[in-house]
Each structure stands twice: as structure tokens, then as C-alpha cells.
2 protein chains.
Amino acid sequence: MITHSCFTVEPWCLRETELNLDLLAQSESVFALSNGHVGWRGNLDEGEPHGLPGAYLNGVYERHPLPYAEAGYGYPESGETMINVTDGKVVRLLVNDHPCDLRYGRLLEHERVLDFRTGVLSRTARWTTPGGQTVRIRSRRLVSFTQRAVAAVVYEVEPVHGTVTVAVQSELVANEQLPHVEGDPRVAAVTGSPLVAEEHFAQETRMRLVHRTGVSGLRVGAAADHLVEGPESTRWTSQSEPDVVRLTVTADLKPGQRLRLVKFVAHGWSGQRSLPAVRDQVEGAVAAAVSAGWEGLAAEQRHFLDRFWAGADVEVEGDAQIQQAVRFALFHVLQAAARGEQRAIPAKGLTGTGYDGHSFWDTESYVLPVLSLTAPQAVGPVLKWRHRTLPAARERARLLGLEGAAFPWRTINGAECSAYWPAGTAAFHVNADIARAAVRYVMVSGDEEFERAEGLDLLVDTARLWRSLGHHDPEGVFHIDGVTGPDEYSAVARDNLYTNVMARQNLLAAADAATRHPDRAEELGVDDEETAAWRDAAARMAIPYNETLGVHEQSAGFTRLQHWDFEQTPSDHYPLLLHYPYFDLYRKQVVKQADLVLAMLECPDAFTDEQKARNFAYYEALTVRDSSLSACCQAVLAAETGHLRLAYAYLREAALMDLEDLEHNTRDGLHIASLAGTWIAVVVGLGGLRRHAGEEGNPDRLGFAPRLPEALSRVVFTVTVRGRRLKVDIGPDEVRYVLVEGEPLVVLHHGEPVTVAAGAPVQRPVPHLPAGPEPQQPRGRRPIGLTDGQEPGGEPQD
Amino acid sequence: MITHSCFTVEPWCLRETELNLDLLAQSESVFALSNGHVGWRGNLDEGEPHGLPGAYLNGVYERHPLPYAEAGYGYPESGETMINVTDGKVVRLLVNDHPCDLRYGRLLEHERVLDFRTGVLSRTARWTTPGGQTVRIRSRRLVSFTQRAVAAVVYEVEPVHGTVTVAVQSELVANEQLPHVEGDPRVAAVTGSPLVAEEHFAQETRMRLVHRTGVSGLRVGAAADHLVEGPESTRWTSQSEPDVVRLTVTADLKPGQRLRLVKFVAHGWSGQRSLPAVRDQVEGAVAAAVSAGWEGLAAEQRHFLDRFWAGADVEVEGDAQIQQAVRFALFHVLQAAARGEQRAIPAKGLTGTGYDGHSFWDTESYVLPVLSLTAPQAVGPVLKWRHRTLPAARERARLLGLEGAAFPWRTINGAECSAYWPAGTAAFHVNADIARAAVRYVMVSGDEEFERAEGLDLLVDTARLWRSLGHHDPEGVFHIDGVTGPDEYSAVARDNLYTNVMARQNLLAAADAATRHPDRAEELGVDDEETAAWRDAAARMAIPYNETLGVHEQSAGFTRLQHWDFEQTPSDHYPLLLHYPYFDLYRKQVVKQADLVLAMLECPDAFTDEQKARNFAYYEALTVRDSSLSACCQAVLAAETGHLRLAYAYLREAALMDLEDLEHNTRDGLHIASLAGTWIAVVVGLGGLRRHAGEEGNPDRLGFAPRLPEALSRVVFTVTVRGRRLKVDIGPDEVRYVLVEGEPLVVLHHGEPVTVAAGAPVQRPVPHLPAGPEPQQPRGRRPIGLTDGQEPGGEPQD
């Protein structure tokens, strides 16, 4: 898509130079604005044409029954689906009675720019009506990072030649008519008209709608106020109906005259608060926005982003596309999380309805690692959201006959919404992922209050889960059977290695945290016998390994399964899950996404360098990357094992996932985890950032092992650890560690301890290590940029 | 139920001496009449009260969409549900305007008798209306074995004291109102009004209805004619509506006078034939029935059953309950299959709507083994039904990426209707079960024409399935991964032993049959390379075995899984699947039903005696018998390993499954496979009947290893093999082999060849072998008659 001629490559913005109706839905996703609480898809101001109109509030969903042709004990009975809430962005335009719909008349010029530094989406257009009148339209839009309920639009229209009569209709719309969704009457029932009107109001330039969801019973409100500037002929009127309120502004515009509308919108919701409370909440937010004014909101936005970029920016020299993509990625990751405030981060953020708006393990395993080191203030609230769902997770564990807590595979409000248990309930690793995220957050933030409170709760309940889920065999080895790891082309396996090493970390971290906080541990009923049981299970954890092949097994016996026949798999049969049954995928050696490779990323100290190289090569040959969660992990291990060309190719694939629409579903929303993966591929991959287990009494510390692929001449990134801001500036032969802010810091450079202090940058050479032959991928599944049959030397062969 | 005081223990009938409304639905199942083509539940003549009214035609179903909250490639999109067709058994009665409904007034006497020798269900009642008039009612009912479309009712009513006015309404009813089914709107939609009226007709005593199913498009017709006998006051009139036709007969009856109605009903259906064709078909069948008359039909019925019992009867001395139960079982197995004629045998026969009327592997693995040796003429047509579904099975294999044919786990018309693939699609053993049934049928019938035609097709396509489903490991061992065996508390396992040994038989049988019929094999594209590949795979088949424990593994690694915690499992938590999630059942050592034990039954030569004893003891401790398919298999292995008291207990459990309603769902229909299992427990268990692999050129032969438990003083059974009728008469110390009919026969008696000729019975002693300690079952799961803590000596212990 970015390669489409209508998109340009620029370092600090995403610019679309003409409107391409075929790319409309994708463009709505990439141009989406959000602060993690309110999300507006990048729909055209006029509402139509659209791919999918959308305004979302984090946490607002409708519940619907989950159907089963053959039910089973413990299957979730109802699902949750994120709904399109009251849409506040619509500003319709009529020019001499011609509705401005860019499918009609003639579009002379159309440009949209999303600026990553200002956080504003700008648009300019010149359009000739079917009647022949030409107008210039300019709009700007923001969803405020500083006032979390607020979004705002500036809409301007002026004639190019003769005089025109224009009418601008600014609306709040509930139960917006959505494009017909094929096939699934169940989802259609939810998405059709999910909102029940409670109140509608319009007076002068002010308007308000309050609704309630039918089953989940959430109250949703939106309010707006407007500033109108125009010539003397300008008049306005407003009206309200249950599902729409509308301010209509009319004016006769001569050349040189302009009608300008500034729209301040506030969104709010509550599952508990009364109608008057929600009403007042949105009215108050609008008043604050009006008081700040557009310029004030825009200035706050810029200031917020300046601070973000100062601590998070990544510079990439040598590949302008990647430079743009990595900033696009960081901007959207920030948008997904910045002001969520104890709500989940959905897999698509608030950019679309893909995956029903659910959150998965990617939040903790892909998004939070990035935020922990770039915007740590956004991390605690997400983990507190998980903590808020502990009662549901405990209840789920009880239902499953387990101790502790079993967090859901997919959810909005904390209830398990996965209807296919082998890939949902059985994927228990989500619990270890949450525990690890909590430990990581405490380590990089130093938030000990969190550790004592929410952190310990999370660690203890997940450790209890693992202890009850696993069992010892007659030789005393601890096994975790019947679980599903990250790779969704295997399921219900014995001793999934990723799960086991993550559970091991989880058990040890819980024991350590309980020891650090004995009073809290006692409150939770944790005694020395229990922590000893956790440590013992961790010490005897089964780690499947095939001695003959000299590689670790993804799960017990995995390497003895039949190999998938890649030679006989047509290239249009990917993703495999759309062309082959689970039964066939599960019983063969074929890997959807990094699983053992992710284990080597997450638990680097559990493998020798030689094992990493052999494992990586073995699983490369089996991994088809039918998941957007894979490429970034492969980039990291490719870099670590010295295959820098391959690491670069995977970095590009992760980075361009949405900009190039590599999975053909960017229309449904962005892949937030893959966007985070872009940063992971750069910082963890090329930067070699790792958190290494420290010695007793000496907390874990950061290490770097920087190394650049030939294509890149320089990579610079900044990470924040416990208030210290460290810049890592990597060149082809040398790396500079610069402490921008904070107390001196010891880090590892390729294993060597290095002390960095403010004003005293340290330079170190980049060692060039020989790597073996470049691992091969399944036929037709090389990463973009590396074509089949192309050897490392770059020469095509048969 | 049989232990309920209203049921008596008699050798040749099932008698209910009073009406118990709480047992109504169960009684409708046990009193159901069927010939395998038409099935009438044992509803009261008057239609109400009822548990579940039902009239079924084998093969008549409606199609409905299968819903999935999360869909997957290869999931069946629609299901099939057996529907209640036009009900021909209703004869309503009014006495002085009081509708005869036994819930009102006073029931002075009520008896129903199902006679296994006459095949007639008789009923007598004395009932006092709420108005105080007492009448005597007598009815008899049969579903004809000789005229497969025909059923008939004789209904008589007479006053006991004063004069009464009676009205008898004989009806055909379509879209009969059914009791509300909880929860499942999908099934309700199908079962509500599945029939669309095409024609209704009534004239004098004749009536007819023709309907069509809405989606599956099957035309269903019923016709009836009547003989009416009564005093001079007797009048009748008939009328028709789209869903009901009715003959109303009125009479004033003085004491000594009687109104008698004989109703001849014909049912018919077709997926292809026109309305006139179906109309004529049922009219013709009625005419033939009228011509035979009730007495004629009853005489044919008796004759048919006399022939059946002569070749199938089992005598049991020492346990009158079992004597009754085994005949009840044989009668219902015959009813399920006798005149199916190239239709399936549903799991519930035509006695109820349980399992949606689907057929499973139990047909081939439980029902056909019994019929092969007792009513072989019924077996070929069932296998020909499977053969007719080969195109669908081949298409299913293609969809799954496999060669050959993949027969459905559950079906009516040949399409896979299982919506949960781990327990459906993955249970590939159904294919080997079908192949084995074909081989068994050819062996005992000598039907070589079948072997050349349908038999070879079935064997070749199933062998091709196995060859493509399995693969060789680096050491050349052949593995079948990702499949589910008979035990539904495990799924998607590696090298399920039952599946592997059955697939091995299948591969070898296909290769042998192809060699015997080279011309047909060539037509099927089978060459020497292919048969060699089958034989090689069979020779290198993986057989999981735990050396440390000295037992075979149900599947690879099974014996290393965590043991189910039976001590902590409350007795009201059985069946486990209603109280624990699949995820937990699958990953632990807990067995729903005979799996490895069934392998030892089906492939006795694959295990040594010592292995059988150790395996049986090991799996006894894990098997909870939450399936009705288990007890009979456990009976067989208990007998074989010398645990005769245990074998007897399991025999009783299999035998009383429906009569005692042990699974609490006899209301939905009888467990035909468990009924067949009663015979298996007696003949294969106590009789020790096995089919042993013969040498080259010398076909398999029958062996017996008779042995009685203490409780039984004598067991006699008859089997038919290739036209020879052999009676085996087992006493405590001695067995007599009597050839009733046919050429001399060599059988094995406890391994010793014995030649039996007509008129020359052979007697042999029964060896008494010492057995080890009696295997123990999970806590609370001992078979009926053996209570927990009761040791073999009979003394309770703690």
C-alpha cells in the first residue's frame, strides 16, 4: 500500500496524495486516530464513501450467545463484541444541493496526511460537483492525548470560482448503518443496532446523545459543541432525534469567503453511572475542550508527542521506508495504549473491529515490552486492568478444576470469549505472559507499590495455576500436558517448550516476590511449603530435546511428527488454516508462528548459542508465518544467530505488515502487536537488547548486542529504565551508549559490562561474528525481499 | 426399571403390570416396535399421555445448518436429524364424551406385554371415566418383519357394567406436536413442523397423507385402511386435513358388546419418486396387508421370529433376569436391522431420536458382529449402505487432504454430521471398523460376490486412507498421528493402539483381497507396488508399549500422563464429561470406555496372554464406563483373563443398560450397541468365541474358550457360519458342541482343534485356570452387583 503510488515515503508522516476508493477501508485503518480510550477510524469527514465507519470506546461491547452444534462442559456461553458507538466525526457537506460524495462529480485533488509529531490528521481536497461548482475543502482532526474524552475536527470549505451555497451538517450518529457482513447473523445481530436510545438533545451549537447497550447494559454518551465562522450569510439550526443530532450551517460563499466549523466532541461511557452522570461527564469534557480551543488542543497534542518521541524515537538510516514504518508503528502503539487507563489493549487497538475488539496475549508479550521501555506510564494501567479481571480468571480456573487464575484467551471485559478450546482455553501460556509482563514492568519502572499489590496477586495466582496444571512423572520430572503454545498449527500438546520455560519463570518469579513481601504473601495464604513447591516444579521442568537431531522440541515428540509437504502446497493455499483442516495441521511438523523461537527470545539464558543457531535453522524450515506475530521474533533470532540479511528481511516484513497490507486484512484494523514487533525487530533484534537474569540480590540487567545488516548504515534508539534514558547509536562498526538522563547505568555490551553516565558516552566496537549458512524457509515462504531460490550471495539459482 | 415392581422377570417377554407415568418415556423405548425400516415407539394407542411420540422411517431426516462460533476449514456445514414422520398408530377413544386419557378418571388395570416370539405388543386396560363408566380396552400392535412397509393395530373396547357410547378415532398425524425441547432452537426448528403437506385423502375407511421435508426434500407417505366390527349402532365417518386424516367410529355398547377396529398402516418414502409413485406405493402396501389380515400378519410374524430364534437363541440358566435381558436384546437388535435394506442402523435403532438418529461405528463394531452369526442376511445390506456412501466418503477424504475414503463419524445419509472434529473427524478408526465388518461378513457368510464387488471397494479405499494418514519415522516405523480412538476421554493422540492394530488388519486384508481379485483390483488402480506399500506399513506399524510398566499404551505416552484423581471425584460427577472440561479429561489417564481393551478383543492374536492380563488390570483401574459401549468389552476380557465373577458383573451391566436405564437416557431410545453387547458378553465373553487368523490358504476359523461364572449353571448359544448351524452348550465343567445343520466343521476348543459333524456332538471339559487378583476399578465405578470395598471373597472391607 505504501508502495502504491498514492502513498509517499517520508520520515515523520504518512501521506496519501490521491484518493483510491479500492484502498478506502485500509486507509481508514492506517489513518485511524486514538488515545486508547476513544478511537476514530480514518473515515472521510462526510461519512461516505466508507469502507467501515467506526468510532469506538475502549471497553464498550455487546454480549451475544456463542452457538455450539455440540456443546461441552466449560465452554463459554456468551461472547463479547466491540461495537461502533455514537460517531462524532461526521461533517456532511452540500454544495448547491449536491451532497459531497467523492464517488460523484470530479475530484481534482485529495490529500491526507497523518503527522506523527503533531498527532493531527489533515486533509485537503478540491472537488467539482456534478453541477460544475468547485470547492476547496480542508479539514483537520485529532483525538486528544491530553483530554482523553475529547476529539475535535476543523472543517473548512470555500469556493474556487463562482459563488456557491453550502450547507455543512455536523452530526452525532448512533446505530450507524454498517456495511453488510457476510454469513454471520450472530455478529450482525450485535452490530446492527446495538444501542438503545435514552436521550437526545440539540440546542444552538450544542448537541448530545445518550444510549445504552441492550444486553451488556453499558451507558454510552457523546456531546459536541461548535464554533462557526463564516460570512454574514451564515445561519445555523440544530435538531435532534433518538439516533442522530445535527447542526446544519448554511452560507452563500463568494470566492475568497470561507465557512469554518470547529467541532469539539466528547465521548463517555459507564457500566454503572446514571444517565445524568454520564450526560454531565460528556458535557463537562466538551466544555473543557471548548475552553482549550482547537489551537490549545493541538498545542497540547504536540507537546505530549514531543515528550514521547524524545524517549521513544528510533532512527534508521539506509532505508527510508523502514524509517517511516517504525515511526508509524510507534505512533499507533502509543495511540492504542496511551490513555486506556485500566482497560485492555485490543489486538487491533481502536482502529477497527477485527477479532471482535478482543485482547489476547499479544498485549503482554508484544505491546507491553515496547511500552515498558518507551512509555512506561502506559504499562501499569494495562496490568491493573488484568488485575481487575482476577475474579473472573479465578472463577474460570475453578470451572476448569485448577488452582489460582486462568486468564482468558480472548476477552474485552475479562470473561473467556474463545469458543474453540484447543486454541483458546488450552493456550494457558497467556498466564505466564501476563506474569512476565508484570515482572518486566516492575524491573524497568521500579514501581514497587505495584509489585506489592497487583504484581504479587498476579504472580501468586498464575504460579498456583501452573502448579496445579502440571504434574511430576515417576522420575520426578515436572510436565505440563494438554496445552497449546503460541504456534496455532499445533494444539493440546505435551510439554510445549515455550509454555514450560515461561511457566518456570513464572513459578520462580512468584516465589521470589512472595519472599520479598512476606506480609502480603501471608495475606494470600502463601507459605514456605507452597513457594518450595513452586521452586521444585521449576527446577524439574521438562524441556523436550531431540538428542539425535540436536534440537529442542516445540513440544514432546514434535520432531518425530510427519513433515508438512511444502513442495505440494500451492502458494495460494496460504494461510494454511483456510485450506487445510486443523486435524492435518496439528499432526504434522508445520509452524504457524514463532513458538520455540519465541521461547529463545523470551528466555535467552535457557539455551546455548549453539542450540539457538541449530534450533533457529530447524524451525525456520517449518515456519510459514501465517500469523503477524511471527516475523519480528524471527528477526530477533536471525540477528542473534548472525543472519543479519535475514533479520533485516523479517524486520521489513514486520514493519510493512499494515502499510503493505501483507495479511490482506488491514481493513479490519491495524495489527498492533506486529507494529510493536517493528520496534522489537529493531531494538531487540538489531540492538540485541535482552534482560538477563542477574545474580542473587542483583536484579536483572539489560544487555545489548548491536549489529547492523549491510543495508542499514545507522540505527539509533532510546530506552527508559527506572528513570534513566539511554540512547544507543549503532553504526556499522561501532556503537555509542549515551545516557541522556538519570543516574549512571551498567549495561552489557555483547556480554561485557559497560558503565554509562550522563555526559560520558561510551563507544564500543561491533564484533563481526561468522554465521553458518543462512537458514532456509519453506518453499514460497521466504520473507519479502528475499525471493525463492535466491541464495545469500544474491544470485538466483534454479 | 425391570427391577421396578411393575415389570416382571419372564423368559420370553417383557411385561409391565401397571402403568407408571414416571417411566412412560422409558417404556415407550423398550416397547418400541420396528423392522429396521419402520419404527413405532411404544406410545399408548390414544396418543396421550406420552413421553415422546414417535414414528420413524429409516433414512428420513431433515437437514439443518451447523453453527460454529469459530469456524474452521473442513467443518461440516449442515447436520442431519431424524424426524418424526406421519404417525400411523394413533387410535383415540372417547367414552360418553370423556377422552380416554389415563391421567384422568381411574385406571383399574393396565398391562402391556412385548412377546419376543410373536413380535406383538399387547395391552389390556380397565379404565373408569371421570363420569364413572368403566370400559375394558384391549389392543395389539405389530410392525411387520415380512411386509416391511406395514404395521397394524387391533383396538377393542367394551363396557364393563352399563351401556356406554364410544367414539374411536383412528388417525394418521403429520407434524405431531412434540414435547418442548430445552435450549436448542436449532433442533426445535427441525423437529417442530418438518413436513410440508402435499396431499391428504380420506374416503370410507381409507386414508392417506403425503408430505415432503422442507430442506432435504424427501417425500413421505402413509396410508391406512380399517376393518370395523361392532353392534348395529356402529357408524363411521372419515375426514382429511393437510396434517391429519381421521376415521371416527361411534357405537352404543351394552355389556357384552364390543367395538373392534383393525387398522392396517403402510409407510413409505422416497428422495426421488413422484407424488403419485409414493401414493401408489403406500396404497399397494395397505392393500397387501388387508389381504393378509391381522391373523395373517401375526402368523407371518411368528414364523419369521421362529426361524430367527432357532438360529440365534441364547439360553442362560441361573439368572432369570439375564435370560430375559439377552432375549430382549436380541429381539431389539433384530428389530433395528431386519429390513433396513441398504440403510444405516442408527445408534438408537428406530426407537427414539437420541443422537439425532445418527449411525456411528457401533453399527460395524457391535451390532454387525452379532448379526453376522445370528441373522447374516441382515448384514450384507448394511455394508452395502456403507458402500453406497463411498462417494461422499471419498469427497470427505479429498477435503481432508487424504487418499481413499474417510467415512463419517456420525451420519444418516453418508455426510459427516459431527461438529466437533477432535471426537468426530479425528476418530478415523471407523474406517477400519467398517473394513473389519466387511471381512468378518465374508468370512462367516462366504458371500464372495460381495467381496469381489462392494467388499474390495471398501477395503481398498480404507487401506488407501491409512497409507496416506500414516507416515514412517527415520527408523522406518509407521505412525498414525493426531487421531482419536474409541475412548472419548482422549483425543488427537499419537499412535492410538486400537487404531493402529485395526489399521494393520485393514491394510493386510485389502492387500489379500486385491491379490484374490486381480481383475477388480486392476480396475481400482491397485498394483503390486500399492499392495506392497500396504503390507510394509502394516509390518512396521507402531505399537506403543511401556517397558517399565510392562503394559501397552492406549496411545504413545499415555501411561506417562497424570492419573485422574478418582478419590476426589464425587460419585455424582459421572459421567465426567458433564462435570469436567475435555481439556482436563484429554490430558490425564482416565478412560471413558474400552479402547486398548477393545483392541485385545478385536485383535486377540496381537497380545500374549500375560500382556492381556496385565493390560486389562492396568486399564480396569482407569476405566469409568461413561459409555454404554464399554461393559460388554470388559466382560470379554475379564472372562479371557479368568476373572469370571467380574465378567458376569459386566455382562449384567451390559444386559440391563436399558431395562434398568443405567445411563438415564433410555427415554431417548435404546442403546442398540449395548444390547448387541449383551450377546457379545455371553458368546464372546463366556463362550470365548474368537476368529483366529488361519494359515495361508486356510481361512480364519472360529475358536471357543467357554468358561462359566459361578452364578450361572448353563449357557447355550447357536451361531451360524457359512450355512452351518453350531450349538454350543456350556455347563460348569463340560461343553457340548452340536452341529445342528450343515457340513462338518473344525473349531478350536481352548486352542485344540475339534471336528463337529451333524448327529455327532462333541464334549470337552472346561479347563479351570487360576487367575490373579481381581482387577480393581476406579472408586465408585465397580460394575453393578459388585460394590466398592467388596473383595472377590465377597466380604466388604474398608
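The values are calculated or read from the model by the stated rules, or taken from the named source; none is laboratory data. Since the structure is predicted, the reported quantities are computational estimates derived from the model, not experimental observations. Every residue, glycine among them, receives a Cβ derived from its backbone with ideal geometry; neighbour counts consider all protein chains shown.
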- Query: If we scan region A:363-381, do we find a residue that is closer than 20 Å to residue A:598 by Cβ and within 14 Å of chain B (Cβ to nearest Cβ)?
  - Reply: no
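Kindly evaluate residue A:568 against the criterion of being within 11 Å of chain B (Cβ to nearest Cβ) and either over 27 Å from residue A:589 (Cα atoms) or free of Cβ contacts under 8 Å to residues at least 12 places away in the same chain (or both).
Spelling it out, residue A:568 is indeed within 11 Å of chain B (Cβ to nearest Cβ) and either over 27 Å from residue A:589 (Cα atoms) or free of Cβ contacts under 8 Å to residues at least 12 places away in the same chain (or both).
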- Item | Unique residue being modelled with pLDDT of 95 or more, over 30 Å from residue B:165 (Cα atoms) and surrounded by fewer than 23 Cβ atoms within 10 Å (Cβ to Cβ) when the list is B:188, B:197 | B:197
- Message: Let me spell it out: the conditions are (1) among the basic types (Lys, Arg); (2) more than 30 Å from residue B:563 (Cα to Cα); (3) touching a Lys or Arg at 6+ places or on another chain (Cβ under 8 Å); (4) not in a strand (DSSP E or B), and residue B:691 meets all of them except one. Which number is the exception?
- Response: (4)
- Do we have any residue at all in region A:296-313 that's out of contact with any helix residue (DSSP H, G or I) (no Cβ under 8 Å at 6 or more places or on another chain) and within 30 Å of residue A:97 (Cα to Cα)? no
- Number of the exception - residue A:572 against (1) within 22 Å of residue A:632 (Cβ to Cβ); (2) assigned to a helix (DSSP H, G or I): (1)
- Task: Check region A:699-713 and report whether any residue there is among the hydroxyl-bearing types (Ser, Thr, Tyr) and within 17 Å of residue A:645 (Cβ to Cβ).
- Result: yes
- Of the residues that sit in region A:531-556 and are surrounded by fewer than 19 Cβ atoms within 10 Å (Cβ to Cβ) and not aliphatic (A, V, I, L, M), which one is farthest from the other protein chains (Cβ to nearest Cβ)? A:535
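For (1) without any contact (Cβ under 8 Å) to a residue 40 or more places away in the chain; (2) within 26 Å of residue A:227 (Cβ to Cβ), each residue gets a yes or a no:
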site	(1), (2)
A:262	no, yes
A:270	no, no
A:296	yes, yes
A:302	no, yes
A:320	no, no
A:323	no, no
A:328	no, no
- Within the set of pairs 6 or more residues apart or between chains, which connect a residue that is within 18 Å of residue A:749 (Cα to Cα) inside region A:702-716 to a residue that is of a type in the set (Asp, Glu) with Cβ atoms less than 6 Å apart? A:714/A:317; A:716/A:315; A:716/A:729
- Item | Unmet requirement for residue B:459, which otherwise passes all of (1) at positive phi; (2) part of a helix (DSSP H, G or I) | (1)
- How many residues does region A:379-404 hold that are of a type in the set (Asp, Glu) and in a loop (DSSP other than H, G, I, E, B)? 1
- Message: Residue under question is residue B:530, and the condition is that it be under 19 Å from residue A:398 (Cα atoms) and either of a type in the set (A, V, I, L, M) or in the same structural domain as residue B:597 (by TED's automatic domain parsing) (or both); does it hold?
- Response: no
- Task: Specify which of the listed residues (A:476, A:470) is farther than 23 Å from residue A:777 by Cα, touching a strand residue (DSSP E or B) at 6+ places or on another chain (Cβ under 6 Å) and within 14 Å of chain B (Cβ to nearest Cβ).
- Result: A:470
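A quick yes/no check of all residues on (1) within 20 Å of residue A:375 (Cβ to Cβ); (2) in contact with a helix residue (DSSP H, G or I) (Cβ under 6 Å, 6 or more places away or on another chain); (3) modelled with pLDDT under 95; (4) of a type in the set (A, V, I, L, M, F, W, C):
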{"site": "A:699", "(1), (2), (3), (4)": "no, no, yes, no"}
{"site": "A:716", "(1), (2), (3), (4)": "yes, no, no, yes"}
{"site": "A:727", "(1), (2), (3), (4)": "yes, no, no, no"}
{"site": "A:730", "(1), (2), (3), (4)": "no, no, no, yes"}
{"site": "A:751", "(1), (2), (3), (4)": "no, no, yes, no"}
- Note on the structure: Of those in region A:280-308 that are touching a strand residue (DSSP E or B) at 6+ places or on another chain (Cβ under 6 Å) and not hydrophobic (A, V, I, L, M, F, W, C), the residue surrounded by the fewest Cβ atoms within 10 Å (Cβ to Cβ) is A:283
- For residues in region B:588-604 being surrounded by fewer than 24 Cβ atoms within 10 Å (Cβ to Cβ) and closer than 21 Å to residue A:492 by Cβ, which is farthest from the other protein chains (Cβ to nearest Cβ)? B:593
- Going by the structure shown, is residue A:426 outside any helix (DSSP H, G or I) and either touching an Asp or Glu at 6+ places or on another chain (Cβ under 8 Å) or small (Gly, Ala, Ser) (or both)? yes
- Task: Quick one: in region A:73-93, of everything that is assigned to a loop (DSSP other than H, G, I, E, B) and closer than 30 Å to residue A:205 by Cα, which residue is nearest to the other protein chains (Cβ to nearest Cβ)?
- Result: A:83
- Mind listing whichever residues of region B:320-378 are polar (S, T, N, Q), surrounded by fewer than 24 Cβ atoms within 10 Å (Cβ to Cβ) and outside any helix (DSSP H, G or I)? B:342, B:353
- Query: What do you reckon, is residue B:140 in the same structural domain as residue B:201 (by TED's automatic domain parsing), within 35 Å of the chain's Cα centre (by Cα) and either within 30 Å of residue B:203 (Cβ to Cβ) or touching a residue at least 24 places away in the same chain (Cβ under 8 Å) (or both)?
  - Reply: yes
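Quick grid of which residues meet (1) more than 23 Å from residue A:469 (Cα to Cα); (2) of a type in the set (S, T, N, Q); (3) modelled with pLDDT under 95; (4) not in a helix (DSSP H, G or I):
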site	(1), (2), (3), (4)
A:525	no, no, no, yes
A:533	no, no, no, no
A:548	yes, yes, no, yes
A:585	yes, no, no, no
A:593	yes, yes, no, yes
A:599	no, no, no, no
- Filter region B:486-508 for residues that are within 14 Å of chain A (Cβ to nearest Cβ) and in contact with a helix residue (DSSP H, G or I) (Cβ under 8 Å, 6 or more places away or on another chain); which is surrounded by the fewest Cβ atoms within 10 Å (Cβ to Cβ)? B:488
- Item | Residue among A:50, A:64, A:110 that alone is within 14 Å of chain B (Cβ to nearest Cβ), farther than 15 Å from residue A:350 by Cα, of a type outside the set (Gly, Ala, Ser) and in contact (Cβ under 8 Å) with a residue 12 or more places away in the chain | A:64
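Here's the yes/no breakdown for (1) within 14 Å of chain B (Cβ to nearest Cβ); (2) farther than 19 Å from residue A:709 by Cα; (3) hydroxyl-bearing (Ser, Thr, Tyr):
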position	(1), (2), (3)
A:584	yes, yes, no
A:606	no, yes, no
A:623	no, yes, yes
A:635	no, no, no
A:644	no, no, no
A:649	no, no, no
A:668	no, yes, no
A:682	no, no, no
A:687	no, no, no
- If you check B:662, B:651, B:622, which single one turns out to be of a type in the set (A, V, I, L, M) and touching a strand residue (DSSP E or B) at 6+ places or on another chain (Cβ under 7 Å)? B:622
